[in-house]
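The values are calculated or read from the model by the stated rules, or taken from the named source; none is laboratory data. Computed from a prediction, not measured in an experiment: that's the story for all the values here. Here the Cβ positions follow ideal geometry from the backbone for every residue, glycine too, while neighbour counts run over all protein chains shown.
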Amino acid sequence: MISRDTIDKVFETSRVEEVIGDFVNLKKAGANYKGLSPFTDEKTPSFMVSPVKQIWKDFSTGKGGNAITFLMEHEHYSYPEAIRYLARKYNIEIEETQQTDEQKQVANERESMYLVSEFAKNHFHENLYHSEKGKAIGYTYFKARGFTDETIKKFALGYAVDEWSIFTDVAIQKKYDLEFLEKTGLTIVKRNEETRLVERQFDRFKGRVIFPIQSMSGRVLGFGGRTLLTDKKIAKYVNSPESIIYHKSKILYGIYQAKQSIAKQNNCYLVEGYTDVISMVQSGIENVVASSGTALTSDQIRLINRLTPNITVLFDGDAAGIRASIRGIDLILEQGMNVKVITFPDGEDPDSFAKGKTEDELKNYLEYNAKDFIQFKTSLLLEEAQNDPVKKADLIRDIVASISKIPNNIQKEIYIQECASIMGISENVLFNELSQILKKEQRQASKKQTTSRTPFTGVKKQVEKPKKFDQLFNLEKKIIEILLLYGNIEVEFVDFVSEIDDNGKKIIKKENYTNAVSNEIYVHLHEDEIEFTNPIFLKIYYEIIHLLNQEQEIVPEIFTNHENTEISVAVTSILMDEEQYALSDWERHDIIVKSKESNLSKLVMDVLYNLRRLLIAQKITALKSNMSPDNNEIENQKEIVLESMEEIRDYTNLKQLLFEKLNRVL
């Protein structure tokens, strides 16, 4: 178990903007940073990071917290895993206390699979340097490909010895469970169909060089293994099977090594295979990832979009392969991203081309050969069309269909103009074609909606009522917000006291006094015996009162770094609501946001009076309910009824007084 001192040191040292910056492309927005949500597919930034408060919030999903909670949400880390990740990032030595047997069993299935995968990565990598077969076969192969030791270590390349179960045997000897070796796909287990007992077990990747596949944070998700045999009956590449930690359609090879360079260069080079990535990186192009031989997916594109809106696709010189892969361009356009294309000479791929070039030569080639997707598509397909008008018309429709995928209307128009210029055709014709394609898509979408509707059965469908606005929740939340942000401040308050003058007329007199915001709120809530109904707000309030009783200041960081993640997330959400206006950049539009500190006493009293008014209204409703004529015993309880009526009258007068006070405050 990690010691409290280590946890405190991690919180003191880590910077939320640096941690999140490893996963999300952040841009300065006043005192804060903003970026695209890493949790949703969005085009407009709704993700905010506050370096001053050391917290973040995603306004599109409502998620928020500190650096720890971000790692728990984004990388699915447990609390201890997040602490360990930050300790490694900031070179903090981890002190551990003795774990009980119960604590050791807390690790869930996912965490166990990560541990097994990490062990496998290290085992295969060590084989290259410490086993005879690893050195003779695996290491020799990588060196023959031109990979340096630095590159081999950077990508943790490895070798699985060509023996049936040597890896599995070592893993079990090291106390790793066969269940998780099987679930990660590292071990293939054959069981008796009737008894389900294990009959034999063997290594999936035996005799193959290994390419670990890592998440954006560096966690090992799975492996790719390449055979070194020339037997055509054996699959050249074998990948880990799908599991709860590995989804090949949602990960890109090399993203862990490339993420910072992608954000810095504001561009991502997309290639096909493992060795393409490795050779490019070794040649100085670090902002490169691979789809690992799978067809490009929307999830993979969104992964890149978190870091940059620009993708440059690198195609091999094989024309057939280019045509098969070109469909991925439309997916990129649908995500609202900018896409360019680079092709290599016939017979060359990024791996082979990079090896024969210096860093400057490679960079120059990539810079001067990057084509806009329309230029690329027309140059590729015009060769096929040549002088055939029908084929040329089909080509134009194909390009316009790609343009229709772009969500931005201005970009659509610019691309239409460019296409018209290249193809020598009227813009009006292309706009008409675009309009027809869009209308067709709308009709198809409408048709899908219609067919998916529930058929009429003669029973009127009950319309779902909108959720009722929870006024009590929002008032309680506002009180917590005021305490966290302004609880330590002393301000001048105004009280309105009701008196009867000499003529018997009721008058409201104004009295001024000075008090700390936290004391003022505590006195009002204590006098009225008001207790929070929301359990998280109640916990936060009790901890604030504890600080006041100890004569300590209210420090928001105590709550944003709280070990109870419910408290941490709730407080972060409250504090970051203050920063939401920065996303819209209102000041740029000459919209001035009034500071709450400018009239703090009004804000405090407004919330307290409204809370009292709401609770009184609820009390009156409850009393009236008890006096319902449906009550058969009402005749026998006349005195109780009269008392209730008197109570209602008193509460109504009090409510009226609060309205008068509120009117003056407002």
Item to check | Single residue of Phe70, Phe124 found to be in a helix (DSSP H, G or I), among the aromatic types (Phe, Trp, Tyr) and assigned by TED's automatic domain parsing to the domain that holds Leu221 | outcome: Phe124
Checklist entry - When you look at Thr184, is it at pLDDT below 95 and among the β-branched types (Val, Ile, Thr), yes or no? => result no
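Among Asp394, Asp360, which is the only one that is acidic (Asp, Glu) and in contact with a helix residue (DSSP H, G or I) (Cβ under 9 Å, 6 or more places away or on another chain)? Steps first, please.
Details: Asp360 fails: in contact with a helix residue (DSSP H, G or I) (Cβ under 9 Å, 6 or more places away or on another chain).
Within the list Asp394, Asp360, the selection yields Asp394.
Out of everything in the stretch 565-600 that is farther than 20 Å from Ala29 by Cα, modelled with pLDDT of 85 or more and not hydroxyl-bearing (Ser, Thr, Tyr), what residue ends up being nearest to the chain's Cα centre (by Cα)?
Of the residues in the stretch 565-600, the ones farther than 20 Å from Ala29 by Cα are 565-571, 596-600.
Narrowing further to those that are modelled with pLDDT of 85 or more: 566-571, 600.
The next check asks that each one be not hydroxyl-bearing (Ser, Thr, Tyr); those that pass are 566-567, 569-571, 600.
On the way: Glu566: 18, Ile567: 20, Val569: 15, Ala570: 18, Val571: 19, Leu600: 35 Å.
This residue is Val569.
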Checklist entry - Limited to the stretch 346-399, what total is found for residues that are part of a loop (DSSP other than H, G, I, E, B) and either under 20 Å from Ile332 (Cβ atoms) or at pLDDT 85 or above (or both)? => result 5
Next on the checklist: List the residue pairs whose Cβ atoms are under 6 Å apart, where the first residue sits in the stretch 189-205 and is touching a residue at least 24 places away in the same chain (Cβ under 8 Å), the second is surrounded by 13 or more Cβ atoms within 10 Å (Cβ to Cβ) and in a strand (DSSP E or B), and the two are 6 or more positions apart or on different chains.
Outcome noted: Gln201/Thr187; Gln201/Val189; Phe202/Ile188; Arg204/Ile188; Phe205/Gly225
Checklist outcome for this item: In the stretch 254-276, residues that are over 20 Å from the mean Cα position of the chain (by Cα) and in contact (Cβ under 8 Å) with a residue 60 or more places away in the chain total 7
Item to check | Hits in the stretch 37-50 - residues which are out of contact with any Pro (no Cβ under 8 Å at 6 or more places or on another chain) and either in contact (Cβ under 8 Å) with a residue 60 or more places away in the chain or charged (D, E, K, R) (or both) | outcome: Pro38, Asp41, Glu42, Pro45, Ser46, Met48, Ser50
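Among the listed residues Lys53, Lys34, Lys28, which satisfies the condition of being in contact (Cβ under 8 Å) with a residue 40 or more places away in the chain and in a strand (DSSP E or B)? Lay out the reasoning, then the answer.
Values: Lys53 fails: in a strand (DSSP E or B); Lys28 fails: in contact (Cβ under 8 Å) with a residue 40 or more places away in the chain.
Going through Lys53, Lys34, Lys28 in turn, just one is in contact (Cβ under 8 Å) with a residue 40 or more places away in the chain and in a strand (DSSP E or B): Lys34.
Going residue by residue through the stretch 403-414, is there one that turns out to be assigned to a helix (DSSP H, G or I), over 38 Å from the mean Cα position of the chain (by Cα) and at pLDDT below 90?
Applying the first criterion (assigned to a helix (DSSP H, G or I)) to the stretch 403-414 yields 403, 409-414.
Keeping just the survivors that are over 38 Å from the mean Cα position of the chain (by Cα) gives none.
No: the stretch 403-414 contains no residue that is assigned to a helix (DSSP H, G or I), over 38 Å from the mean Cα position of the chain (by Cα) and at pLDDT below 90.
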Item to check | Selected residue [within 26 Å of Gly207 (Cβ to Cβ), in contact with a His (Cβ under 9 Å, 6 or more places away or on another chain) and buried (at least 20 other Cβ atoms within 10 Å of the Cβ)] from Ile245, Ile251 | outcome: Ile245
Checklist entry - Looking only at residues in the stretch 7-36 that are among the polar types (S, T, N, Q) and crowded, with 19+ Cβ neighbours inside 10 Å, which one is nearest to the chain's Cα centre (by Cα)? => result Asn25
Checklist outcome for this item: Across (1) among the hydroxyl-bearing types (Ser, Thr, Tyr); (2) in the same structural domain as Tyr274 (by TED's automatic domain parsing); (3) free of Cβ contacts under 8 Å to residues at least 24 places away in the same chain; (4) under 23 Å from Cys419 (Cβ atoms), Tyr365 clears everything bar (4)
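Between Ser402, Ser426, which is of a type in the set (Ser, Thr, Tyr) and over 18 Å from Ile329 (Cα atoms)?
Numbers: Ser402 fails: over 18 Å from Ile329 (Cα atoms).
So the residue among Ser402, Ser426 that is of a type in the set (Ser, Thr, Tyr) and over 18 Å from Ile329 (Cα atoms) is Ser426.
Okay, residues lined up against (1) within 28 Å of the chain's Cα centre (by Cα); (2) charged (D, E, K, R); (3) under 28 Å from Ile20 (Cβ atoms):
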| position | (1), (2), (3) |
| --- | --- |
| Val288 | yes, no, yes |
| Ser291 | yes, no, yes |
| Arg327 | yes, yes, no |
| Gly336 | yes, no, yes |
| Thr358 | no, no, no |
| Asp372 | no, yes, no |
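When you go through Ala160, Ala144, Ala171, Ala120 one by one, which is the residue that is more than 19 Å from Tyr237 (Cα to Cα) and hydrophobic (A, V, I, L, M, F, W, C)?
Ala171
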